[in-house]
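The values are calculated or read from the model by the stated rules, or taken from the named source; none is laboratory data. Owing to the predicted nature of the structure, the values given are computational and were not obtained by experimental measurement. Cβ sites come from the backbone with ideal geometry, for glycine too, and all protein chains shown count toward neighbours. All accessible areas refer to the heavy atoms of the entire protein, side chains included, with ligands and DNA or RNA removed. Shrake-Rupley method; radii C 1.70, N 1.55, O 1.52, S 1.80 Å.
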Amino acid sequence: MRFLWESPSLRPLLLQEALLGLAYAFFAGLLPFVVLRGLGEASWVLGLLGAVQSLGGALGGLLVGAVLGRLGEGGTLRLALGLAGLGLLGVVFLPPWPLLAGSAFLLGAGGALFGAVAGAVRLSQAPPELRSRVAGGFLFLSGALAPLGPLLGGALAGVALPLPFLLAGGLLLGFAALLGRRRAA
């Protein structure tokens, strides 16, 4: 954990991964309320949206090599955060479920793309003797943050159902923009 936090190049990546993890938890924890209460749809739509999100993740995983080849690490991370952010912002307007499926797909693709590249960056910067500890430390951090997502998302949704999606999507897009500026400088 200390290696992850003390590394100046890995700290921003760690924060972005934590935010993306919380955003995923918002989405997973609140999607039933969006579909069943917000949209008044049947429960099969919820299952379909989960499948579409998983298909987005599969496509994101398949495209890692091609996107990395064209955009490099920084561009790929920026694109991934942008896709996930757009996916979350698409939920804000409580669109009909076919449009919500597009949002779920973007979130899945962006998350998988980001996770693959961020994991490779994280492990490539760790000395060989620390790689397993770095991977384990990240998994510990992800697991420790996982319960906070639904709790925070639920509290924000108590104010307004779209609020957690607006905040998380906006923050992810903001990180993507900052990542682009930092790389350009």
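The calculated FRET efficiency for Leu36 paired with Ala177, based on their beta-carbon distance and R0 = 35 Å, is about 0.55.
Consider the candidate values (1) 20.4; (2) 19.2; (3) 16.7; state which one is Kirkwood radius over Cα pairs in Å computed from the structure displayed. Here Kirkwood radius over Cα pairs in Å agrees with entry (3). Pairing the Cα long axis of helix 64-92 with the longest principal axis of the chain, what angle in degrees results, from 0 to 90 and rounded to the nearest 10? Compared with the principal axis, the helix lies near 30 degrees.
Taking the charge dipole of the stretch 10-180 about its Cα centre, with +1 at Lys and Arg Cβ atoms and -1 at Asp and Glu Cβ atoms, the residue from Leu99, Gly85, Ala160 reaching farthest to the positive side is Gly85.
With only Lys, Arg, Asp and Glu charged, each at its Cβ (+1 for the first two, -1 for the last two), find how big the charge dipole of the chain is about the Cα centre; round to the nearest 20 debye.
On the way: 11 positive and 5 negative charges, 86 e Å.
Charge dipole, the chain, about its Cα centre: 420 debye, nearest 20.
Round to the nearest 10 and give me the degree value, 0 to 90, for the angle of helix 148-159's Cα axis relative to the longest principal axis of the chain. Around 40 degrees separate the two axes. The label-point distance for Leu55 and Leu15, in a model that sets each label 7 Å from Cα toward Cβ, rounds to 3.7 nm.
In the chain, the portion of solvent-accessible area held by carbon and sulfur atoms comes to 71 percent [1.4 Å probe, whole percent, DNA, RNA and ligands not counted].
Computed over protein heavy atoms with a 1.4 Å probe, the accessible surface of the stretch 5-64 works out to 47 Å² per residue.
The relative contact order of the chain comes to 36 percent, based on Cα pairs under 8 Å that sit 6 or more residues apart. Where the centroid of each part is defined by its Cα atoms, how far is the stretch 130-167 from the stretch 38-97 in Å? Between the Cα centres of the stretch 130-167 and the stretch 38-97 lies a distance of 17 Å.
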